[in-house]
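Colleague: Shown below is the structure under consideration.
The values are calculated or read from the model by the stated rules, or taken from the named source; none is laboratory data. This one's a predicted model, so the numbers in the text were calculated from it and none came from an experiment. So basically every Cβ, Gly included, is an ideal-geometry build from the backbone, and we count neighbours across all protein chains shown.
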Amino acid sequence: MKFLSLHTDYIKFKPLKKALKKIESLSDRDKEEKHIENALAVMTAVERHDTDIKKIVERFVEEVKSIADQVNAQNIVLYPYAHLSSELASPEVAIQVLEKAEKELKKFFSVIRAPFGYYKEFEMKVKGHPLSELSREVKAEGETEQEYSPKQLLREISKTKLDTSKLKENDHRILGRQMDLFSFSETAPGMVFFHNNGLIIWKELVKYWREVHQKKGYIEIRTPQILDKRLWQISGHWEKYKENIFLTDYEKRQFAVKPMNCPGGMLVYKDRPKSYRDFPLRIAELGIVHRQELSGVLGGLFRVIQFTQDDAHIFCTEEQIEQEVIEIINIVEEMYNKFGLNYRVELSTRPEKRIGSEKIWDKSEKILEKILKNKKINFKINQGDGAFYGPKIDFHLKDSMGREWQTATIQLDMSMPERFELEYTDKKNKKERPVMLHRTVLGGIERFYGILLEHYKGRFPTWLAPIQVRVLNFTDRNEKYAKQVLENLKKEIPNLRIEQDFRSTTVPSKVKDAEVMKVPYIIVIGDKEEKEKNLAIRIRGDKQIQNFSFEDFVEKLKKEIEERL
């Protein structure tokens, strides 16, 4: 059985029409729209192998109760959601499981169950704290692994097919396929296979990120992917995220594939003694993390299992907090403005489940609120959605389809340095505890990449475009001069990403192929261009051809690439 739990400000739903022949009968009241505040919405999928109904219900109730207790939810909404699995049980079994689960959960909570076997419309607002979205899979004890033949295995790991029928034209998954940027496979659910073109964009984005951070005084580190379970117990992640962590054993020790980068950063800090002269110490890491998610909730680059966070951990004194937070906000503004992205800001305060004293939380929240007000930033208080170790400033990015994604975050942490016993020597040669800021700017780079891909509709600015220029010949007799133009451009701009298309086919066909790849500059060389020694250029899909001298075009290209315009 698979389920996705969503801690919501509210959820409302209404049955519309029958989806199955065998369904539950509904009264007039059942057909009305339901609106439930502060609910834990549990999207469920009962699976074919869930034959031991009693044991499955026991495990399911145990998991739901644990999550509900952690997020302090009193209302439970059981919502049948078939999309979480392709191995669904029969409707009869599914209804039995849900009915028994509802009965058991009602001993502890107020429970509403959405009707089974109906198409439904639903709307919800999910909270933004770390435990607001959790996916789980429960199995009856003693369940054995199914055996498969090599042919069956080969079918299962074959390339994932994308159903584009319900996707918009500029959906990043469609553009990614058209432009040969990335792909996905059942061999690694929720993990991206970046192709050459896609990796070029990735590397240019990271290159820009590194340049900005080097100028701002950051140093970069790299920490291991797999770390001892005890490290996550110290940090507090084990208690909060255990069910979403990939685990492995080595020499009778349990290790975790890291879901976050911060504990590794703590160990780097502790490796050598620190002095107040080292502060502020800004340590950045483009760290790859893994978090368990059910396959049914994965969605292209926006919801993945493996992703890269542009993390940084800043160690400083209390007196340095304000300036450091302002500097982080300045980086966010600089990088988001570079891409023309709009965002809003929230101040997320102490959650129900947290570490640290109330005195520390009072001080931390007041500091962040003061900074936002002094910087005259409009913000909304997001009560109870802070990290378990401290309050945070969250940046919510609006994409081209109007959806919002929490990307950048600044988290003030006065608790984890205590748990890791971090120290520095102050001016009086006395040992003190540093303050720590956790922060991201792009957030998960895969998600940010997807947002950019849709934002630009695939037509990236020249400096980011995987193919910047493509040279076409009008006829075979123009090929020699077209090659000369291409070679001269390479000499003038050594790292220019330029291609040629000298096939014996029509110019419209060549242009169409270049347009599919969203090439910013398509140069067509014909008799006129060869005679007049100029360039006829189609720019970013514009059907109006523009003429440039070679020198002017080189100057334009250099400026766009070097200044990242």
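Colleague: Report whether or not Val64 is of a type in the set (A, V, I, L, M), free of Cβ contacts under 8 Å to residues at least 60 places away in the same chain and buried (at least 19 other Cβ atoms within 10 Å of the Cβ).
Modeller: no
Colleague: Of the residues in the stretch 205-234, how many are in a strand (DSSP E or B) and either free of Cβ contacts under 8 Å to residues at least 12 places away in the same chain or not assigned by TED's automatic domain parsing to the domain that holds Leu442 (or both)?
Modeller: The qualifying residues number 0.
Colleague: Taking the conditions exactly as written (modelled with pLDDT of 95 or more and among the β-branched types (Val, Ile, Thr)), does Thr248 satisfy them or not?
Modeller: No, not satisfied.
Colleague: Show me the strands (runs of 3 or more DSSP E) entirely contained within the stretch 241-353 in which 3 or more residues are touching a residue at least 60 places away in the same chain (Cβ under 8 Å), within 23 Å of the chain's Cα centre (by Cα) and within 28 Å of Leu131 (Cβ to Cβ).
Modeller: Here the list reads 281-290, 306-316, 342-348.
Colleague: From the list Ser85, Ser90, Ser110, exactly one residue is over 12 Å from Val42 (Cβ atoms) and buried (at least 17 other Cβ atoms within 10 Å of the Cβ). Which is it?
Modeller: Of the residues listed, the single one that is over 12 Å from Val42 (Cβ atoms) and buried (at least 17 other Cβ atoms within 10 Å of the Cβ) is Ser85.
Colleague: With respect to Glu369, is the statement that it is without any contact (Cβ under 8 Å) to a residue 60 or more places away in the chain and more than 24 Å from Pro280 (Cβ to Cβ) true?
Modeller: no
Colleague: Which pairs turn up if I take residues in the stretch 425-438 that are in contact (Cβ under 8 Å) with a residue 40 or more places away in the chain and outside the structural domain of Ile328 (by TED's automatic domain parsing) and look for partners that are outside any loop (DSSP other than H, G, I, E, B) and among the charged types (D, E, K, R) with beta carbon separation below 7 Å, at least 6 apart in sequence or on another chain?
Modeller: From the stretch 425-438, no pairs qualify.
Colleague: How many residues are part of a strand (DSSP E or B) and buried (at least 18 other Cβ atoms within 10 Å of the Cβ) if we restrict to the stretch 1-33?
Modeller: The number of residues fulfilling the criteria is 10.
Colleague: Please specify each residue of the stretch 397-428 satisfying the condition of being closer than 20 Å to Ile328 by Cβ and β-branched (Val, Ile, Thr).
Modeller: Answer for the stretch 397-428, where residues must be closer than 20 Å to Ile328 by Cβ and β-branched (Val, Ile, Thr): Thr407, Thr409, Ile410.
Colleague: So, of the residues in the stretch 54-72 that are at pLDDT 90 or above and of a type in the set (A, V, I, L, M), which turns out to be nearest to Glu243 (Cα to Cα)?
Modeller: Selected residue: Ile67.
Colleague: Another question about this same structure. Where the second residue is surrounded by 15 or more Cβ atoms within 10 Å (Cβ to Cβ) and not in a loop (DSSP other than H, G, I, E, B) and the first is among the small types (Gly, Ala, Ser) and modelled with pLDDT of 95 or more and lies in the stretch 171-189, which pairs have Cβ atoms under 6 Å and are six or more apart or on separate chains?
Modeller: So the pair list comes out as Gly176/Phe182.
Colleague: Return the residues of the stretch 497-513 that are touching a Leu at 6+ places or on another chain (Cβ under 7 Å) and either of a type in the set (Asp, Glu) or farther than 28 Å from Leu199 by Cβ (or both); say none if nothing qualifies.
Modeller: Correct list: Asp501, Val507.
Colleague: Quick one: would you say Ile367 is of a type in the set (A, V, I, L, M) and within 24 Å of Ser132 (Cβ to Cβ)?
Modeller: no
Colleague: Right, something else. Can we say Glu324 is farther than 30 Å from Ser183 by Cα, surrounded by fewer than 19 Cβ atoms within 10 Å (Cβ to Cβ) and in the same structural domain as Phe194 (by TED's automatic domain parsing)?
Modeller: So Glu324 does not fit the description; no.
Colleague: Go over the candidates Gly458, Gly541, Gly526 one by one and state the one that is within 30 Å of Leu286 (Cα to Cα), of a type in the set (Gly, Ala, Ser) and in contact (Cβ under 8 Å) with a residue 24 or more places away in the chain.
Modeller: The unique qualifying residue is Gly458.
Colleague: Take residues that are in contact with a strand residue (DSSP E or B) (Cβ under 8 Å, 6 or more places away or on another chain), at pLDDT below 95 and buried (at least 17 other Cβ atoms within 10 Å of the Cβ) and tell me which of the strands (runs of 3 or more DSSP E) falling wholly in the stretch 445-551 contain 2 or more.
Modeller: Fully inside the stretch 445-551 and qualifying: nothing.
Colleague: Okay, moving on. Yes or no: the stretch 76-92 includes at least one residue that is more than 19 Å from Glu121 (Cα to Cα) and assigned to a helix (DSSP H, G or I).
Modeller: So far as the stretch 76-92 goes, yes, one or more of its residues are more than 19 Å from Glu121 (Cα to Cα) and assigned to a helix (DSSP H, G or I).
Colleague: Right, next: Considering only the stretch 216-230, I want to know if a residue exists there that is in contact with a Ser or Thr (Cβ under 8 Å, 6 or more places away or on another chain), closer than 28 Å to Glu423 by Cβ and surrounded by fewer than 15 Cβ atoms within 10 Å (Cβ to Cβ).
Modeller: yes
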